[in-house]
Amino acid sequence: MDYSMIGKIEKSKKYAEDPSRVTFNSFTLEFKGSNSSYTITLGPDGWHCSCPGFQKYGICPHIMSLERSFGPMLKREPLPYAPGQNVVSDVEKAKQYALEPDRIQFLSFNARFRGDHSEYTINYDNGHWDCDNDYFKSRGICSHTMAMERILKGMVKPLMMPTTES
């Protein structure tokens, strides 16, 4: 491992301590609920969850838990409660779900990442990472993607560290 990589690792640790550097533009993830798994998307048109509660009310405990867990990275107002929704039960479930990040598996995302000197776009698609940072383009890894992996630990497939051939 070279010294430039050591510097990138140190910077990624610092970046990961401040999730507000990240803004999710869109994502698709699988959420393991209490009874079944659901697909949740966030895009320009807002949220969607495949669960029956979202279909009926336009909000559900799965999305509420993501709003709680990823609030600084969403840069949007939480969805309002809906008439007829069992708010007390859904809030309790959302609180519990937010404490259990192993329920979440990101399938893909597009995010902006504010570094110290510039902003970069990170894409993730089923284990394949991409960043418009020059270091990433030359090495296949950068401090921004390493920070995202730290922030989303266990919810994404890990980056492969480059190896040096002997």
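The values are calculated or read from the model by the stated rules, or taken from the named source; none is laboratory data. These numbers were taken from a predicted model, which means no experiment stands behind them. Here Cβ is always computed from backbone atoms with ideal geometry, including for glycine, and neighbour counts include all displayed protein chains.
Data table
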| item | result |
| --- | --- |
| Residues (closer than 25 Å to His144 by Cα and either of a type in the set (S, T, N, Q) or surrounded by 15 or more Cβ atoms within 10 Å (Cβ to Cβ) (or both)) located in segment 32-48 | Ile40, Thr41, Leu42 |
| Which numbered condition Gln85 misses (of (1) of a type outside the set (Lys, Arg); (2) part of a strand (DSSP E or B); (3) under 21 Å from Thr39 (Cβ atoms)) | (2) |
| The one condition in (1) over 23 Å from Thr28 (Cα atoms); (2) among the charged types (D, E, K, R); (3) modelled with pLDDT of 95 or more that Asp132 fails to fulfil | (1) |
| Segment 28-42 residues that are farther than 19 Å from Tyr124 by Cβ and touching a residue at least 12 places away in the same chain (Cβ under 8 Å), paired with ones that are part of a loop (DSSP other than H, G, I, E, B) and not polar (S, T, N, Q) (beta carbon under 7 Å, 6 or more apart) | Gly33/Cys51; Tyr38/Cys51 |
| Complete set of residues in segment 64-123 that are closer than 25 Å to Leu159 by Cβ, surrounded by 19 or more Cβ atoms within 10 Å (Cβ to Cβ) and basic (Lys, Arg) | Arg103 |
| Segment 10-26 residues that are over 9 Å from Phe113 (Cα atoms) and in contact (Cβ under 8 Å) with a residue 40 or more places away in the chain, paired with ones that are among the β-branched types (Val, Ile, Thr) and outside any helix (DSSP H, G or I) (beta carbon under 8 Å, 6 or more apart) | Ser26/Thr41 |
| Residues being without any contact (Cβ under 8 Å) to a residue 12 or more places away in the chain and in contact with a Gly (Cβ under 8 Å, 6 or more places away or on another chain) - total across segment 71-126 | 0 |
| Every residue from segment 71-102 that is of a type in the set (A, V, I, L, M) and within 22 Å of the chain's Cα centre (by Cα) | Met73, Leu74, Leu79, Val91, Ala94, Ala98, Leu99 |
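Table: residues versus (1) small (Gly, Ala, Ser); (2) under 30 Å from Lys56 (Cα atoms).
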site	(1), (2)
Asp102	no, yes
Gln105	no, yes
Ser118	yes, no
Tyr135	no, no
Arg139	no, no
Ser143	yes, no
Met148	no, no
Leu152	no, yes
